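A.B. asks: Okay, here's the structure, questions in a sec.
The values are calculated or read from the model by the stated rules, or taken from the named source; none is laboratory data. What you are looking at is a predicted structure, and each value in this text was computed from that prediction instead of being measured. Here Cβ is always computed from backbone atoms with ideal geometry, including for glycine, and neighbour counts include all displayed protein chains. The protein model used for the area step is the full one, side chains on, heavy atoms only, and it has no ligands, DNA or RNA in it. Shrake-Rupley method; radii C 1.70, N 1.55, O 1.52, S 1.80 Å.
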Amino acid sequence: MGKKTQKETKENKKDMQQAQQQEIKSEQKGKTKSEKNTQKEHKEKVKDNVEQEDKKVTTKKEQDKVKTEEQDKKVTTEEQESSKNKKSEQEKIEELNDKYLRLAAEYDNYRRRTLKEKMELAKSAGEDILINILPVMDDFERGLASIDKAKEVDAIKEGVLLIYNKFKEFLKQRGVKEIEAKEKEFDTDLHEAVTKIPAPSEELKGKVVDVIEKGYLLNDKVIRYAKVVIGE
């Protein structure tokens, strides 16, 4: 009976040891599985972090690429605008230069044409006057031819007076007018004093008492001063 009890005790003890070992193995196995799960989670987490970093790097690279492309595009646009502005300025310079050359050529042509016209005008300036004087010359020649045949002095005087009035009218038509001087106040703008004499009367003191040579105006401009004698 005692031996049987000892044997049972040993067997129980052995079972207990086996159970403890089994429990230890089970704990170790669970611990190993848990560690594996933790390692797996850690690996997955590291993998996720790496992927996120890769995405960040890729995104940054893409952003840098886009930024670089935008900068290159901006530089290209600025260069194009600068080139366009330079071309526009060059075109303006060429246009101004062309206008200057045209203006210079036109002025040179105008100067030559004007000079030619002045030379022609100088050559024929008195042509119109001479043409209109010729009839007066003809009248003088006819008057001279008739002097020898004339028997009356009055007829000769009448002919000379006719020629004189005709010539005087011709001068008037050309704007020539006689300066009135006799018994007028002395005017240095119209008269040239040749000498002074005692005034015949008190009223003629400081006035023109005699005209030695008549003066004339051409369109109100003095072309010859009247030579006069002043009373004092």
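A.B. asks: How much net charge surrounds V176 when only the other residues with a Cβ under 12 Å from the Cβ of V176 are counted, with Lys and Arg +1 and Asp and Glu -1?
C.D. replies: +4
A.B. asks: Mind listing the long-range amide H neighbours of F186? Cut-off is under 5 Å, sequence gap 5 or more, other chains count too, H placed in the peptide plane at 1.01 Å from N.
C.D. replies: Distant-sequence amide H within range of F186: V208.
A.B. asks: Related question: Using modelled backbone amide H atoms (1.01 Å from N, in-plane), which distant-in-sequence or interchain residues come within less than 5 Å of K196's amide H?
C.D. replies: I230
A.B. asks: In addition: Among 193-201, 143-151, what's the highest-first ranking by average C-beta atoms within 10 angstrom per residue?
C.D. replies: So the peptides 193-201, 143-151, ranked by packing, come out 193-201, 143-151.
A.B. asks: Listed here are the pairs K43/K65; K196/K227; K45/K65; K166/K207; K118/K166; K184/K214; which of them are more than 20 Å apart at the Cα?
C.D. replies: Where the Cα-Cα span goes over 20 Å, the pairs concerned are K43/K65; K45/K65; K166/K207; K118/K166.
A.B. asks: If you don't mind, another one. Report the extension gain between T58 and D72 in nm, rounded to one decimal, defined as 0.36 nm multiplied by the number of residues separating them, less their alpha carbon distance.
C.D. replies: My answer for the length gained is 3.0 nm.
A.B. asks: Okay, moving on. Compute the length gained on full extension between E192 and R112: take 0.36 nm times their separation in residues and subtract their Cα-Cα distance, giving the result in nm to one decimal.
C.D. replies: So the extension gain works out to 24.6 nm.
A.B. asks: Between L144 and R224, what is the label-point separation in nm under the 7 Å Cα-to-beta-carbon projection?
C.D. replies: 2.0
A.B. asks: Explain nothing, just the number: dipole magnitude of segment 101-212 about its Cα centre with +1 on each Lys and Arg Cβ and -1 on each Asp and Glu Cβ, in debye rounded to the nearest 20.
C.D. replies: Computed charge dipole of segment 101-212: roughly 600 debye.
A.B. asks: Calculate the FRET efficiency for K214 and R174 from the Cβ-Cβ distance with a Förster distance of 25 Å, rounded to the nearest 0.05.
C.D. replies: With a Förster radius of 25 Å, E is 0.95.
A.B. asks: If a/c stays under 1.5 just call it rounded; otherwise compare a/b with b/c (prolate if a/b is bigger, oblate if not). Do that for segment 126-207, with a ≥ b ≥ c from the square roots of the Cα gyration tensor eigenvalues.
C.D. replies: The shape class here is oblate.
A.B. asks: Continuing with this model, one more query. Quick check on segment 73-217: take the gyration tensor over C-alpha atoms, sort the square-rooted eigenvalues as a ≥ b ≥ c, and tell me if it's rounded (a/c under 1.5), prolate or oblate.
C.D. replies: Taking the square roots of the gyration eigenvalues as a ≥ b ≥ c, segment 73-217 is oblate.
A.B. asks: Provide the gained length on full extension for the span E183 to D154, in nm with one decimal, where the gain is 0.36 nm per separating residue minus the Cα-Cα distance.
C.D. replies: 7.4 nm
A.B. asks: Next question, about the same structure. Between I93 and N49, what FRET efficiency comes out of the Förster formula 1/(1 + (r/R0)^6) with R0 = 45 Å and r the beta carbon distance, rounded to 0.05?
C.D. replies: So, using R0 = 45 Å, E works out to roughly 0.10.
A.B. asks: Less than 15 Å Cβ to Cβ from S146, Lys/Arg counted +1 and Asp/Glu -1: what total charge do the surrounding residues give?
C.D. replies: Neighbourhood net charge equals -3.
A.B. asks: In addition: If I compute solvent accessible area with a 1.4 Å probe over the protein chains, what percent of it on segment 108-163 is carbon and sulfur?
C.D. replies: Using a 1.4 Å probe with all protein chains present, segment 108-163 comes out at 61 percent carbon and sulfur.
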